[in-house]
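Below is one structure, written out as structure tokens, with a few remarks after it.
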Amino acid sequence: MTTCREESTSEPESPSLCSPVFSLQVSNETLHSDQPDLPLCFQLTVLSWLPCIFLWAVSPVYIFYLKRNNRGYIMMSYINRFKTAFGLLLWVVCWADLFYTFHELRHGHTQPPIFFITPLVLGMTMLLATFLIQFERLRGVQSSGVLFIFWFLSVLCAIVPFRSKILQANQVTHSFTHSGFLCQQLLSGGRPRLTFLTCLSAWFSSQNPCPEETAGFLSTVTFWWFTRMAIKGYKQPLEAKDLWSLNLRDSSKVMVPKLLREWEKELAKAKAKSSPEEVEVLLANQRAAPRQPSFLRALLKTFGPYFLIGSAFKVLQDIVTFINPQLMLISFTNQKGVPDWWGYTLAFLMFFTALLQTIILHHHFQYCFVTGMNVRTAVIGAIYRKALVITNAAKRSSTVGEVVNLMSVDAQRFMDLTTFLNMLWSAPLQIVLALYFLWQNLGPSVLAGVAVMVMLIPFNAVIAMKTRAFQVEQMQHKDARIKLMNEILNGIKVLKLYAWEDSFREKVLAIRQKELNVLRKTAYLGALSTMAWTSAPFLVALTSFAVYVTVDENNVLDAEKAFVSLSLFNILRFPLNMLPQVISSIVQASVSLKRIQSFLSHDELDPDSVDRKNTAAGRVLHYFSVTVVNGKFTWAKEDPPVLHSINVMVPQGSLLAVVGHVGCGKSSLISALLGEMEKLEGEISIQGSVAYVPQQAWIQNATLRDNILFGKPYDEQKYCCVLDACALTPDLQVLPGGDMTEIGEKGINLSGGQRQRVSLARALYSDADVYLLDDPLSAVDAHVAKHIFDNLIGPEGVLKGKTRILVTHGISFLPQVDNIVVMVDGRVSEMGSYQELLQQNGAFAEFLRTYALEDLVEEDEATGRASFCQRLLAAAHVHRLTTFLAPGYSDVKFKHPALLRRQISIISSDSDNLRPRSVRRHGCSQRKAAESQDKKKPPEMEKLIQAEAAETGRQEQSAVCAPVPADQSRRPSCCQVKTKVYLEYARAVGPVLSVLICFLYGCQSAASIGANIWLTQWTNDAATNQTKEHVHMRVGVYAALGIAQGVLVMMSSFTLAMGNIGAARQLHFNLLDNKMRTPQSFFDTTPIGRLMNRFSKDIYVIDEALPATVLMFLFTFFVSLSTMIVIISTTPIFAVVIVPLAFLYIFVQRFYVATSRQLKRLESVSRSPIYSHFSETITGCSVIRAYGRHSAFVLMSDFRVDENQKSYYPGIVSNRWLGVRIEFIGNCIVLFAALFAVTGKDSLNPGLVGLSVSYALQVTMSLNWMVRMTSDLETNIVAVERVKEYSETTTEAPWEVEDKKPPPEWPTAGNVEFNDYSVRYREGLDLVLKGLTLSVKGGEKIGIVGRTGAGKSSMTLSLFRLLEAAAGEITIDQVKIAEIGLHDLRSKLTIIPQEPVLFSGTLRMNLDPFDRYSDEEVWKALEHSHLHRFVSNQPSKLELECSEGGENLSVGQRQLVCLARALLRKTRILILDEATAAIDLETDDLIQSTIRTQFEDCTVFTIAHRLNTIMDYTRVLVLDKGQIAEFDTPSNLIAQRGIFYGMAKDAGLAQ
């Protein structure tokens, strides 16, 4: 020991630690020998201590983390016991080692200090590790990263001593000590395996919770825990039930309150900073509020910390990216006589850094994507909660569409931004690092390359701006086309009846042409942009190399300089491209941020404006359940008050009617009682719960039963009682699934009256104390209104004893109410009982007078005039009213037909029409019918709306349709898309063009390889010292090859774009042409939404998404292919490895594509319910608030968002899972390329090694993208299949038949004959007309009457051949209509339809789309149709723009436009499907008189709804159940006292 100490004065520290026997550094022994070995001292110090230092350094932080995050307790398992015993065993081995050293010391063998220190340190560390194993178990950690890394380092460090022992097996010194250390290190090698087993055990034990929670460290790092879903998705299509439940940390329950807490803090801060002096200024100018709460700050505080973890990964990744180019093997191949293991070490180092980079990058992405997902969840939740409580003034500034946009578009923008936000600082960092290493390599010459880059930035920016402008223009054309298509599909029946398909098809194609022109320009720019993108690294390399070799003769471009620089230039490509994109998306997100911030800052309704706790009731007797004292209310604070000095007291259990003229404030009073208005003065108090029935019924998209229960538990007896009281029982017989029928959005498959009754039923079932009924009886038929009043609202109804406030126009009910409040101009003018008010002869008596007349002249559309008539006749006070009737109206009451008998149809007033009848029979949805309504389930063939053939064009469940029974396998959707679809698309592009595109891509890759091979030759000049001779030739050829590559890239992109645009044009044309020729029955059974989806979403995919995907796919495919070619040609042995790697690649790719496609589908299916539920909520928020269902709806919205994220989250993970695996294959390619380069070192020149390895380094990215593009291609190509499917549906008869063309003047007489004519709506349905035989002479006027469903409309549709004959025939002037072309027939007939359909465009276009008539003729037609004055008063005259559906004209004016159309066409045969409640009496009389004068000599068929219009007709045809019941003159039919007589009697036209 003394020698040791003496030596220590002269030697450095370390030998004294190890003694002079063992030196720490022996360079020759280690670096320059073919059998390298590390010195023993190094092994005993650095290698032994490294893992220990790591564990001791990390454990304080880790223990603190575990204390803060307790996941619960894990039971002691066998594997846990084994791990603990194992740790203790290692501890024992270390102590044994230490004691043995002491033992030797006692026997006189002096040992250096290291033999005491190392076992001590190791023993302590083993104890710490054992403690951590148990502590983790108690805190619920399945498998930890800290211990895994510790054991992994231990194993790594043990390999060297183990090898040394084998090499020095003959030396026996310190046998026990070494064996102890070795034993400990090798035993610790079992630990990573144990950890891996833990990962697997965790993987197998979990069922439906997300396995990520319980996944081990290794499983988490490699995303192994996702594998089970990938396998499942490959075996069978994934369904919603296969998805894992969302991690609690990502759910709305956690995320939304977190964001709202921060936002509320921001709001509080903003309020606190607005001092009282400022408030006065603010009130004067509210918009200039200086201190807005910052939503950005709230977002940063909520999500910043989690996002920063991702940013930390990004920093690491950026640094690691630059290691690989520094490790290139070129310097190794240049040096002669160096040991081979250097090369192998470099190869493995390259592999491990690439592997590390892969893992870090994907974890960075995982953090970013999860942050994005959480931001979206929180933003949607915050917007939804806000939308439920904003004031009416705020609602005005944000329409439903805008708020839905906030949720969908703006929230999505945040989500997209978080993914690449880190690029904002990472891109400049990467650029700086790349330039630094390039400077090291090439010196100042690199500045020439940088100059090229800088010049390319404005070029790309200009292209981006132009592209953006084109996109905006294209969106406008697209919107115009979709709007027009929507109108065409909605009015397709009218187009067919008028034979206008051609004109509208041309209009659509004209817009489409403009759209394609813009697309073509975008494609030109795209081709330029692609060229810039591909050529940039090459141009930079070319200028840098050219400048480098020409600037100084001593500069030699050798392989190492060239290929290291090339790799660095390739790294530069990504940040340079990303930076402008990130900046533009930040700009977009900042706009979204402002929009969301201003929405969330809106004022909220005051929850305390209505006193529900009845603190004010102390002053008033409990006798009143509703009191309003001195109430003054407005809709918005800045608006003038709507209700003034309201004083109303409603005794408990009484029925109060609120009456008054239109717009006098009746509904406002109800809103005030609900707390929906701003209270300026006064007090409101309501005792008990409230039920509210709005004027326009609000119906949810749920079953009928759910709409009535509205969250209350189901009580069968009470439920049946409610149905009876609301007259809903008969409707349930008609609905396909009874009360389990799914009601469409906004109650689309219920009539107005049914919707109102469901709304009433909801109120009744809620069993509230106070009922606020806002004119619920106006939308129902008169007899139904009477039933509801008698059984529900009235003094003997179910609600007697409850407090009821009823707004009504129904005069007949007023005598039966307890009290009446009369509103005039927002004030209560009178209040009292019916008798009291009549005696006062004030506003109420005046109201009775005027309303009686108003009711007759312009009765509310939904009610129908007859209902008033019936009320008038039924009312006890009829004699009192007749004195007020104006003389001109005295006969009105007899003009009403038996309209009352006619039930309001299910969908629209066009009740004999196709769609409603079919719906009535065949139902819209059998989603839940199976449970309770088995007996009602219609046979399969009778489904009205067939399940959509989804995704891969096979019959498959779609989001909106009823679920397919379990036994119908849906396996095909998982199969790969048929090759046929790809061939179909290639055919649309053009076979020659398709081959040319592939050829050009091949040439481009060849040019690229050529340029790089030329570079290898150039760098080899350095080896043979020929650098000076061929410089110009080398630079010239290199430049030529590179430029050729750029030009070829541009040509191939351009040709591809042209092919894609041609295909898009062809596919759209086929679809449009087919749809214009499709029979009407197709449109009756296919939802318009589904057709619109083809014309919007699918055409968008074919126009824009598919070309981009094809371009990227071809690009990545050829890059990957050229990489393989280069590596195999350089090192042919590589071909051996290619086969297993390719197999592995295809294997992973198949798993990913199948699963990812299913996840995308599930995600898109679950996205729309979020928005539809939201828009539904906004329209019904007053109802939701009235019933106190606010929190239930918030939960429903959260549930829908979570359901959507449940499929989005595995989608994110699937990309990470794929990335790690594919990049591992890419890294293997790098490894093998490097290994084979080392083995063939003697035969290869440095240039070829550089070429091979630099290509291998690129391949990882292109392989990864190729899989993604394959997946996207499969997803997008489905659009081609879907469009093709609808382009091949069966078409109707030809529009023109050349050899059967009737003469131009046909029909001259207008004789119509039906000969044993029968017809049905569709194959497989019953006949609607059975054996009709009748003859009508030219000029006769025929009235057609009959009950609903008798076949009246079917008869007129048959004349137009909208329905084709099942038997028999129709002839017009001796021409069989079945033989001639449809346009030849339809252009010679004219119809004035029941519902006037107008298209957006000019008035002239609506009258004469083909421009066949002169302006003079058009004006004449307008004169006869009584529109002349209206049109001539318009500044634009005939060019008057009609909005969509003619919304800017009244219903009456639209009907007159249809009359003007008929007058212009002036054909010999006219069919009138007479309008019912759509027009007022005055317009009706105008139409009738015009028809009598202008169509005097024409044959006229009128479907009569008002019998008085056909009493002067030649003959009347009475249809019953599709057969002729009666056919004679009106007078004869009345005399016969048959069906017609009964109808005339009901209408008061016969005694």
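The values are calculated or read from the model by the stated rules, or taken from the named source; none is laboratory data. Since this is a predicted model, take the numbers as computed values, not measurements. For neighbour counting, all protein chains shown are included, and Cβ atoms are generated from backbone atoms with ideal geometry for every residue, glycine included. Remember, those area values only see protein heavy atoms, side chains included, never the ligands or the DNA or RNA. Shrake-Rupley method; radii C 1.70, N 1.55, O 1.52, S 1.80 Å.
In this structure, E560 does satisfy being in contact (Cβ under 8 Å) with a residue 60 or more places away in the chain, open to solvent by 10 Å² or more (accessible area, probe 1.4 Å) and out of contact with any strand residue (DSSP E or B) (no Cβ under 6 Å at 6 or more places or on another chain). Within the range 1126-1164, the residues that satisfy the criterion of being outside any helix (DSSP H, G or I) and touching a residue at least 24 places away in the same chain (Cβ under 8 Å) are T1131, I1133. Residues in the range 1190-1219 that are of a type in the set (G, A, S) and touching a residue at least 12 places away in the same chain (Cβ under 8 Å): A1192, S1197, S1207, G1211, S1214, G1219. Which condition number in (1) crowded, with 16+ Cβ neighbours inside 10 Å; (2) at pLDDT 55 or above; (3) assigned to a helix (DSSP H, G or I); (4) of a type in the set (V, I, T) is the one that V141 fails? Of everything listed in (1) crowded, with 16+ Cβ neighbours inside 10 Å; (2) at pLDDT 55 or above; (3) assigned to a helix (DSSP H, G or I); (4) of a type in the set (V, I, T), V141 misses just condition (3).
When A1477 is tested against (1) hydrophobic (A, V, I, L, M, F, W, C); (2) open to solvent by 10 Å² or more (accessible area, probe 1.4 Å); (3) modelled with pLDDT of 85 or more, only condition (3) is not met. Hey, any hits in the range 567-589 for a residue that's open to solvent by less than 40 Å² (accessible area, probe 1.4 Å), within 30 Å of L388 (Cβ to Cβ) and not in a loop (DSSP other than H, G, I, E, B)? The answer is yes; a qualifying residue exists.
Within the range 499-534, which residues are open to solvent by 20 Å² or more (accessible area, probe 1.4 Å) and over 30 Å from N1070 (Cβ atoms)? Scanning the range 499-534 gives L528, S529, M531, W533.
Residues in the range 695-709 that are in a loop (DSSP other than H, G, I, E, B) and open to solvent by less than 10 Å² (accessible area, probe 1.4 Å): 1 in all.
All but one of (1) under 16 Å from V824 (Cα atoms); (2) surrounded by 23 or more Cβ atoms within 10 Å (Cβ to Cβ) hold for Y692; which doesn't? Checking Y692 against (1) under 16 Å from V824 (Cα atoms); (2) surrounded by 23 or more Cβ atoms within 10 Å (Cβ to Cβ), the one that fails is (1). Filtered by the rule that a residue be open to solvent by 70 Å² or more (accessible area, probe 1.4 Å), not hydrophobic (A, V, I, L, M, F, W, C) and not in a loop (DSSP other than H, G, I, E, B), the range 619-669 gives N630, N647. In this structure, does S1175 turn out to be modelled with pLDDT under 85, touching an Asp or Glu at 6+ places or on another chain (Cβ under 9 Å) and crowded, with 21+ Cβ neighbours inside 10 Å? The answer is no for S1175. For V1319, indicate whether it is closer than 30 Å to A1006 by Cα and either in a helix (DSSP H, G or I) or touching a residue at least 24 places away in the same chain (Cβ under 8 Å) (or both). No: the conditions fail for V1319. Restricting the first member to the range 1241-1265 and to residues that are closer than 12 Å to N570 by Cβ, and the second to residues that are β-branched (V, I, T) and open to solvent by 10 Å² or more (accessible area, probe 1.4 Å), the beta-carbon pairs closer than 8 Å and six or more apart or on different chains are Q1258/V1119; V1259/V1119; S1262/V1119. I'd like to check something: does the range 1090-1100 contain any residue that is open to solvent by 10 Å² or more (accessible area, probe 1.4 Å), on the phi < 0 side of the Ramachandran plot and β-branched (V, I, T)? No, that holds for no residue. Inclusion of V338 among residues that are modelled with pLDDT under 85 and either in a helix (DSSP H, G or I) or surrounded by 14 or more Cβ atoms within 10 Å (Cβ to Cβ) (or both) is warranted. Pull up the range 1510-1523, narrow it to residues that are of a type outside the set (D, E, K, R) and either at pLDDT below 85 or in contact with a Ser or Thr (Cβ under 8 Å, 6 or more places away or on another chain) (or both), then point me to the one that is nearest to F1314 (Cα to Cα). Filtering first and then ranking leaves G1522.
Yes/no matrix, rows are residues, columns are (1) surrounded by fewer than 18 Cβ atoms within 10 Å (Cβ to Cβ); (2) hydrophobic (A, V, I, L, M, F, W, C); (3) under 42 Å from the mean Cα position of the chain (by Cα):
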{"position": "S397", "(1), (2), (3)": "yes, no, yes"}
{"position": "V409", "(1), (2), (3)": "yes, yes, yes"}
{"position": "L417", "(1), (2), (3)": "no, yes, yes"}
{"position": "A427", "(1), (2), (3)": "no, yes, yes"}
{"position": "Q430", "(1), (2), (3)": "no, no, yes"}
{"position": "L433", "(1), (2), (3)": "no, yes, yes"}
{"position": "V446", "(1), (2), (3)": "no, yes, no"}
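For the range 106-119, which residues satisfy the criterion of being at pLDDT below 75 and closer than 20 Å to T45 by Cβ? Answer for the range 106-119, where residues must be at pLDDT below 75 and closer than 20 Å to T45 by Cβ: T110, Q111, P112, P113, I114, F115, F116.
Restricting attention to the range 710-738, the residues being assigned to a helix (DSSP H, G or I), more than 17 Å from Q756 (Cβ to Cβ) and not small (G, A, S) number 7.
The residues listed here are A1105, A1063; of these, the one that is more than 30 Å from A499 (Cβ to Cβ), under 33 Å from the mean Cα position of the chain (by Cα) and open to solvent by less than 10 Å² (accessible area, probe 1.4 Å) is A1063. E1163 falls short on exactly one of the conditions (1) open to solvent by less than 20 Å² (accessible area, probe 1.4 Å); (2) under 15 Å from the mean Cα position of the chain (by Cα); (3) within 20 Å of K232 (Cβ to Cβ), and that condition is (1). Is one or more of the residues making up the range 1192-1199 in a helix (DSSP H, G or I), touching a strand residue (DSSP E or B) at 6+ places or on another chain (Cβ under 9 Å), open to solvent by 10 Å² or more (accessible area, probe 1.4 Å) and not aliphatic (A, V, I, L, M)? Taking every residue of the range 1192-1199 in turn, none turns out to be in a helix (DSSP H, G or I), touching a strand residue (DSSP E or B) at 6+ places or on another chain (Cβ under 9 Å), open to solvent by 10 Å² or more (accessible area, probe 1.4 Å) and not aliphatic (A, V, I, L, M).
With respect to L90, is the statement that it is touching a Ser or Thr at 6+ places or on another chain (Cβ under 9 Å), open to solvent by less than 20 Å² (accessible area, probe 1.4 Å) and closer than 20 Å to V58 by Cα true? Here the answer is no, as L90 does not meet what is asked.
The residues listed here are G1247, G1226, G1211, G1219; of these, the one that is small (G, A, S), open to solvent by less than 30 Å² (accessible area, probe 1.4 Å), farther than 25 Å from S1005 by Cα and in a helix (DSSP H, G or I) is G1211. Within the range 672-686, does at least one residue satisfy the condition of being touching a Gly at 6+ places or on another chain (Cβ under 6 Å) and of a type in the set (A, V, I, L, M)? No, every residue in the range 672-686 fails to be touching a Gly at 6+ places or on another chain (Cβ under 6 Å) and of a type in the set (A, V, I, L, M). Residues in the range 219-245 that are open to solvent by 50 Å² or more (accessible area, probe 1.4 Å) and in a helix (DSSP H, G or I) were compared, and the one that is modelled with the lowest pLDDT is A240.
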